[in-house]
Amino acid sequence: MLERMETGAGEIAGFRFDGDMTTKDYNGVLIPALEEAGGTHPVFRILFSIVNFHGWKPRGNWEALKDWPGMEKVDRIAIVGGEKWEEWMNYLPGLFVGFVGIDVRYFSSEHLNDALDWLREPIAAEEAALKPG
């Protein structure tokens, strides 16, 4: 199950992920939220807080996310999870590899605030727009 998560910042699309990501989650929750963020911000970021991870299917919804056209507006992805998630990453290190030009970082579940702080750092494109010139 995937549900939206409040991040306190409009340029950060946050999601709480528990279990498997279904096609309904992907098409009904994830993509509409990302389209909304991309429609209002020239650059945005994504937070995935992963509670349980039951596996990953090659060429499934996680892979489809890499090919979603709006990913070109994403500059950072923070993935927050516990030991089980870290264990899965040992077996599936390519799960979040392939997001070209996107800084992807992993945080343990007790470091959710650190992940949010990292995502809330000024976005380079917005800083450039604010500079007189």
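Summary of computed values
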quantity: Residue within segment 68-80 that is at pLDDT below 90 and either assigned to a strand (DSSP E or B) or touching a strand residue (DSSP E or B) at 6+ places or on another chain (Cβ under 8 Å) (or both) present; calculated: yes
quantity: Filter result for the condition that a residue is part of a loop (DSSP other than H, G, I, E, B) and at pLDDT 90 or above, over Pro93, Pro58, Pro42; calculated: Pro42
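The values are calculated or read from the model by the stated rules, or taken from the named source; none is laboratory data. Everything numeric here is computed off the predicted structure, so don't read it as measured data. Don't worry about glycine lacking a Cβ; one is built from the backbone with ideal geometry, like all the others, and counts go over all protein chains shown.
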